[in-house]
Amino acid sequence: MRIILIGYGWRILFFYRIIKALPQTFTLVTWVLRTQERAEQVQKLYGVQTCSNVHQALCLEHDLVILSVPSSSMEELLSVLINHDEKILCETGFTSLPLQTLNTLYAGYRASNSRIFIAEQYRRQPYYHTCHALSPLLGPLTEARCASLHDHHGISIIRHFLDEKGANCTITAVCRSSWVVKTGGRDSIDTEGVRVQSKRTTAVLAFDDGKTGYFDFSDVQYHSSIRSSHFSLFGERGEIADYEVRYLNGDNEGVLQTIQRFEDGGLTNNPRSLRSLTFGDVCHFKNPYWPLGFNDDEIAIALCMEDACNGRGYGLHEALQDSYLAQCIHRSCSEGRPLETHTQIWADAFSSL
């Protein structure tokens, strides 16, 4: 699977590390940077072929273009790739773009022969994959609570589990600030005890079919050692609360079991690597990249890359719907009122699948 990378930054390095770790699966054709100076720096740093011209890169034989750039550059570059009818795996940066821009992007995409998939990796993570496999135990699903992912990522998980596709809903959201001690960032640990302002956003998404999504996220949550993440799924016959699963058996008696993670390494000399997630004696997720030592995010991103190369995955219409709902959450917060969502031009793509 021959890949062109476009962009530079923290997230695209995930794709680069995965390509490097899986040479039998992926080949980096070239890496496109914004300037020739940056291209030369990356070439020296990583020992790979680079360039600063997208059109030049697209002339090379390839199977997939991975686009990971700031939102401010995404519309222009996506338009170029769409005009070339490319197969694209694009990073998730749509929530900050105006709704009109989202509609314009989709209209151009719909008129092309391009295939766009989005690196919305969380539903491919081992934990959420396992929860989805266990969801039939809960009977008809009624509610999902995501207190682990921000904006469109959290919405994606809620929609995925409730099977809401492009459905409309009423959104009631609140944003509140409070003090918390900073404990770290993406690549750092902070022990200075500095207090910072943290914003927590909570929202209720009341879908037209009676199902309810609960969104809850604090902006320090990803990198805090004192703010935990949680996920819950509720059905008529049971619930999943993090790693605990409660459900009724065939005699309508309550059962409590837990999802188990099996990891190598840590206390042994083996490389640290997730092996599987099981429930009872059934394995619901077996790490296809064991024992490389990928974390859950890297496992999910690698699966997204393979999906896209094979012409499947989380589509542009899904990303736009999640971004639109996330925008409505922000609007509900700022305007201090519930918002009714409206059907957008990409809604037909859900029914055509």
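The values are calculated or read from the model by the stated rules, or taken from the named source; none is laboratory data. The structure presented is a predicted model; accordingly, all values stated were derived computationally and were not measured. Neighbour counts are summed over all protein chains in view; Cβ atoms, including those assigned to glycine, are modelled from backbone coordinates with ideal geometry. Side chains included, ligands, DNA and RNA excluded: accessible areas come from the protein's heavy atoms. Shrake-Rupley method; radii C 1.70, N 1.55, O 1.52, S 1.80 Å.
Take every Cα pair under 8 Å whose residues are at least 6 apart in sequence, average their separation, divide by the length of the range 25-125, and the relative contact order is 22 percent.
Using only alpha carbon pairs under 8 Å that are at least six residues apart, calculate the relative contact order of the range 10-67 and give it in whole percent.
27 percent
Please build a GNM for the chain, connecting alpha carbons under 10 Å apart, and tell me which residue among ALA21, ALA300, ALA173 fluctuates the most. Highest fluctuation among the options: ALA21. Springs join every pair of Cα atoms under 10 Å in this Gaussian network model of the chain, and among ASP251, ASP190, ASP163 the largest mean-square fluctuation is at ASP251.
Placing +1 on each Lys and Arg Cβ and -1 on each Asp and Glu Cβ, with no other charges, gives the chain a dipole about its Cα centre of roughly 660 debye. All other residues whose Cβ lies under 11 angstrom from that of PHE262 are scored, Lys and Arg at +1 and Asp and Glu at -1, for a net of +1. Between GLY238, GLY254, GLY311, the GNM of the chain built on Cα springs shorter than 10 angstrom shows GLY254 fluctuating the most. Net charge in the neighbourhood of TYR106 (other residues with Cβ under 14 Å of its Cβ; Lys, Arg +1, Asp, Glu -1) is -2.
Among the chymotrypsin sites (Phe, Trp or Tyr not before Pro) within the range 1-88, those in coil by DSSP and having at most 14 neighbouring Cβ atoms inside 10 Å are TRP10. Counting Lys and Arg as +1 and Asp and Glu as -1 over every other residue whose Cβ lies under 11 Å from the Cβ of THR27, the net charge comes to 0.
For the range 1-143, give the percent of accessible area contributed by carbon and sulfur heavy atoms, probe 1.4 Å, rounded to a whole number. Summing carbon and sulfur atoms, their accessible area is 49 percent of the total for the range 1-143. Rounded to the nearest 0.05, the FRET efficiency derived from the C-beta distance between TRP179 and GLN56 at R0 = 56 Å is 0.65. Once Cα extents along the principal axes in Å is worked out from the coordinates, which option in [x] 63, 54, 48; [y] 133, 45, 32; [z] 178, 55, 46 does it equal? For Cα extents along the principal axes in Å, the calculated option is [x].
Taking every protein chain into account, the accessible area of the chain amounts to 48 square angstrom per residue (probe 1.4 Å).
Sparsely packed loop sites in the range 218-270 (the GluC sites (Glu not before Pro) outside DSSP H, G, I, E and B with at most 16 other Cβ atoms within 10 Å) comprise GLU236, GLU253.
Between the range 23-85 and the range 294-353, the alpha-carbon centres lie 24 Å apart.
Per-peptide packing, taken as the mean over residues of other Cβ atoms within 10 Å, places 271-282, 177-188 in the sequence 271-282, 177-188 from highest down.
Once C-alpha pairs closer than 8 Å and six or more residues apart are averaged by separation and normalised to the residue number of the chain, the relative contact order reads 18 percent.
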